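The values are calculated or read from the model by the stated rules, or taken from the named source; none is laboratory data. Treat the numbers as computed from the prediction; the structure is a model and nothing was measured. Counting neighbours? That spans all protein chains shown, and the Cβs are built from the backbone with ideal geometry, glycine included.
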Amino acid sequence: MKTIVTCHHCHSRFKALTDHVPAHGRPAPCPLCGEKIILWKPDDYYPEHFSNEVAVFLLHCKQRIPAADAKTELAHLDALETWLKGHHKTLANATTHDIENFLEEIRLGRSQREADENQTTFAHFYDVLIQKRWITLHPLGHLANTVATPAPAAAIHPSTPHTRLRWGRLVVILLVVDLLASGVIWVLAPPWSPFGAAPTLLQSGGDEKNPPAKIESAREAMVPSSRIDPVREAARLQEAELDRWAQEVVQRAHYIRAADRAIQEIRQEKEKQRSTQEVLKPTQQTVAPKETKRCLSGNCRDGTGRFRFDNGDEYQGNWRGGQRHGTGVYTYINGEKYSGSWRQDRMEGQGSYTYLDGSRYEGEWHANQRHGKGTLIQANGDKYVGEWRHDKRFGQGTRHLMFADHLAKQRQAAELEEQRALAEQEQVRQEAEKRQAIEQAILQGKSGCIEGNCQNGQGVYLYPSGDTYSGGWVNGNRQGEGTYQFSSGDRYSGEWQNNQKHGQGSYIFASGQRYDGEWRFNKKHGVGTITHTNGLRLRGQWENGVPIDQ
């Protein structure tokens, strides 16, 4: 963004970038004379961030005083505005008594110097408001003529002592030359001179209430155009331009105020209409007397009740404002039924619908239609699971056929049964081969490890007595899970440790009786169960092979 800037030293005007300007400006060198000047943000910045009175004051002071002084005066005005807000006043309607009380607090709480600085700022501030016709009465009128208006920044704060001396001499020389030229012209001008008409202009033209303005206009009329000071002319044009900008800001502020008032009136009218509609709403939704008679039980207005419609349909559930709202069951006269959520007299949310053919839909509803995720279950058991849009299937879904599922389950069960039978046959075959190998080894008079690893691993060992062991081995000892087949016909299957029955195991006698339970070093020890040949089962506890009476 760019804004027009005037240099305080050479009075040249140019456009400057102000994209990253801080709150009140930053110093930057003039591209023509090289002196540092203050760049200001565009004029819209002030009405947006300050009150209207402060914005007018800042625009008037723009490029007339240094940024540091502007910040100081802004701080004084901000303190006064905050104090006035606490007393329900503003800068525009503050009285002389209010400002004097504020200055007295500063004088007592801080110092006389700060009070004088604030008083000077306030007098300058209200002088500007009077000049811009923002207010008509000066709260500090007794100071308006005693407090001087701040001079341009170039004259007050030059950048160097040499510059200050040069500008001071130039101002004095210009004033002396101007006075001498004016006096000579008044004395020597003949009656026929063009300047002779000046007294007539002074008597007939201008504003009678503002003599300095008449004298200044007459003086400009008398001085030849070739002798007009270019520096003062540039300053006058700059002040006129700033006044025009300030007037535009004031006009914009008036437009904003008028727009705010219009928007506020529109909002108030809408609020009035809305309140009127809220008052009329219960009357419009009141249930007619004939509908009230059809309420079979409960509260069919706001609560829970049972209602019968003219066509014979019935609804049992929640009501709000005379409408079905909440959870309820709607039973059609033809036998169909909906059970689920309602919203403003429509099926909305989760619900279940049962049709005449026995099929049922369970899922989401919207505006009396199946809409969302849902499942349709046919009377024969077939099922569709998927998305629905506007009472129709939508997108990808899954369909499950009842007959096909039954056949698939039967086929799966048959395959599992076949696999189990094959596994049992394989186990029987392996055991038969093992017995055959053992019998053949016995006939041949063999003994020792006849199969596998009987040292550390799994192996089959044939003892000279005809006993055989098949199972785990550790360091040549029976260890882990294994089965010992005695030549007498007895058999032990279970856990072993160091060639002894130890842990959980089952001992089956040749007679058919068996013991299932715990063992400790070849003896029954712990909880176990004895099953007799007649099927009688006795459960008890042993200690080192001796049963414990309980």
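Of note:
- Of the residues in segment 4-21, none is at pLDDT 75 or above, among the hydrophobic types (A, V, I, L, M, F, W, C) and either at positive phi or not in a strand (DSSP E or B) (or both).
- Residue within segment 354-367 that is crowded, with 19+ Cβ neighbours inside 10 Å, in contact with a Lys or Arg (Cβ under 6 Å, 6 or more places away or on another chain) and over 15 Å from Arg393 (Cα atoms) present: no
- Yes/no for Tyr507 being within 22 Å of Gly448 (Cβ to Cβ) and surrounded by 14 or more Cβ atoms within 10 Å (Cβ to Cβ): no
- Options Phe125, Phe102; residue that is farther than 30 Å from Cys10 by Cβ and among the aromatic types (Phe, Trp, Tyr): Phe102
- Test result for Leu91, touching an Asp or Glu at 6+ places or on another chain (Cβ under 6 Å), within 20 Å of Asp127 (Cβ to Cβ) and surrounded by 13 or more Cβ atoms within 10 Å (Cβ to Cβ): yes
- Scope segment 487-496; condition more than 19 Å from His532 (Cα to Cα) and at pLDDT below 90; matching residues: Ser487
- Within segment 433-475, the set of residues being free of Cβ contacts under 8 Å to residues at least 12 places away in the same chain and in contact with a Gly (Cβ under 8 Å, 6 or more places away or on another chain) comprises Gly452 only.
- Test: residue in segment 382-394 that is modelled with pLDDT of 80 or more, loosely packed, with under 12 Cβ neighbours inside 10 Å and in a loop (DSSP other than H, G, I, E, B): yes
- Residue within segment 483-492 that is more than 19 Å from Gln436 (Cα to Cα) and either surrounded by fewer than 13 Cβ atoms within 10 Å (Cβ to Cβ) or without any contact (Cβ under 8 Å) to a residue 60 or more places away in the chain (or both) present: yes
- Verdict on Tyr315 being in a strand (DSSP E or B), within 29 Å of Gly395 (Cβ to Cβ) and in the same structural domain as Asp391 (by TED's automatic domain parsing): no
- Restricting attention to segment 437-452 and to residues that are surrounded by 12 or more Cβ atoms within 10 Å (Cβ to Cβ) and in a loop (DSSP other than H, G, I, E, B), the residue that is farthest from the chain's Cα centre (by Cα) turns out to be Lys446.
- If you go through segment 319-370 and keep only what is basic (Lys, Arg) and closer than 22 Å to Thr304 by Cα, you end up with Arg320, Arg324, Lys337, Arg343, Arg346.
- Residue that is nearest to Asn52 (Cα to Cα), among those in segment 65-118 that are charged (D, E, K, R) and not in a helix (DSSP H, G or I): Lys89
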